[in-house]
Amino acid sequence: EAGVTQFPSHSVIEKGQTVTLRCDPISGHDNLYWYRRVMGKEIKFLLHFVKESKQDESGMPNNRFLAERTGGTYSTLKVQPAELEDSGVYFCASSQFPRGHEAFFGQGTRLTVV
Amino acid sequence: DQQVKQNSPSLSVQEGRISILNCDYTNSMFDYFLWYKKYPAEGPTFLISISSIKDKNEDGRFTVFLNKSAKHLSLHIVPSQPGDSAVYFCAASKGAAGNKLTFGGGTRVLVKP
């Protein structure tokens, strides 16, 4: 069974540009999450989809961030326009309700805004 | 405010000895706790978890202890192996399965051969 896949693995963009991150969850997982780790600190929650609906977006830092989940399958996270403080590693995770609290993480996308 | 804290950023231990990682939380609504392990350039991998109705959960070399009154949990790895060298994150959730995880800052463990 394929795990959570994220693309790209790295992205370097200039301040003011737009970047779109993609996440393919484990097949059949209804729950999809986005997290971010900045400067080697704690991993912080951004938002949570249940199928195609946003269940919790309390962690989204501002309206420059837009997440979508098309048809309840893959998800994209767009940052527009990117700022320097958006640099970090963006993790996607998925889990299947109602089994377990643990989420399965992708390898992350390292975003560097210069 | 950080609701989950790992106050030791790093830990060095000799192979074969016990590694003890600590985690404190402030939100009494948390009712499920997890430990994740992370290697460089990889995503966190689930290791072990514990519900708030228990005080201990064991899985092979890994044991998690929960002290609700102190809002403290710990992860014991025994015996430690070089492959255990990684960053370990404590995480907590509240309510239904599937709710978001709140992470600590991580503890980097180095197991010396």
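The values are calculated or read from the model by the stated rules, or taken from the named source; none is laboratory data. All of these numbers come straight from a predicted model, not from anything done at the bench. Cβ coordinates were reconstructed from backbone atoms using ideal geometry, including for glycine residues, and neighbour counts include every protein chain displayed. Please note that ligands, DNA and RNA were not included when accessible areas were found on the heavy atoms of the full protein model with its side chains. Shrake-Rupley method; radii C 1.70, N 1.55, O 1.52, S 1.80 Å.
Pulled fully out, how much extra length does the chain show between B:A97 and B:K54, if you take 0.36 nm times their separation in residues and subtract their Cα-Cα distance?
13.8 nm
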request  = Report, in cubic angstrom per residue, the convex hull volume of the C-alpha atoms of chain B.
outcome  = 101 Å³
key: Sites A:Q55 and A:T18, calculated FRET efficiency, Cβ-Cβ separation with R0 25 Å, nearest 0.05   = 0.45
key: Residue-normalised accessible area of the protein assembly as shown, given per residue in Å² at a 1.4 Å probe   = 49 Å²
ask   = Which whole number gives the average, over all residues in A:40-47, of C-beta atoms from other chains lying within 10 Å of the residue C-beta?
value = 6
Hits among lysines - C-alpha to C-alpha of B:K54 under 24 Å, sequence gap 8 or more where chains match = B:K5, B:K37, B:K68, B:K71, B:K94, B:K100
For q = 0.10 Å⁻¹, Debye-computed log10 I/I(0) when each Cα of the protein assembly as shown counts as one equal scatterer = -0.45
query = Between A:H10 and B:S8, what is the label-to-label distance in nm when each label sits 7 Å out along the Cα-to-Cβ direction?
reply = 3.3 nm
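Within the set of other residues whose C-beta is less than 11 Å from the C-beta of A:Y90, count the net charge using Lys and Arg as +1 and Asp and Glu as -1.
On the way: positive: A:R22, A:R36, A:R37, A:K44, A:R110; negative: A:D86.
Once all neighbours under 11 Å are counted, the net charge is +4.
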note = Short to long, in 10 Å steps from zero, the percent of alpha-carbon pairs of the range A:5-113 per bin is 16, 52, 28, 4, 0
request  = Sort B:K100, A:K15 by accessible area with a 1.4 Å probe, largest first.
outcome  = A:K15, B:K100
Estimated buried accessible area (total), pair A and B, 1.4 Å, Å² to nearest 100 = 1800 Å²
query = With charges only on Cβ, +1 for K and R and -1 for D and E, what is the dipole size of the protein assembly as shown about its Cα centre, in debye, rounded to 20?
reply = 300 debye
key: Average other protein chain Cβ within 10 Å of Cβ, residues B:39-46   = 6
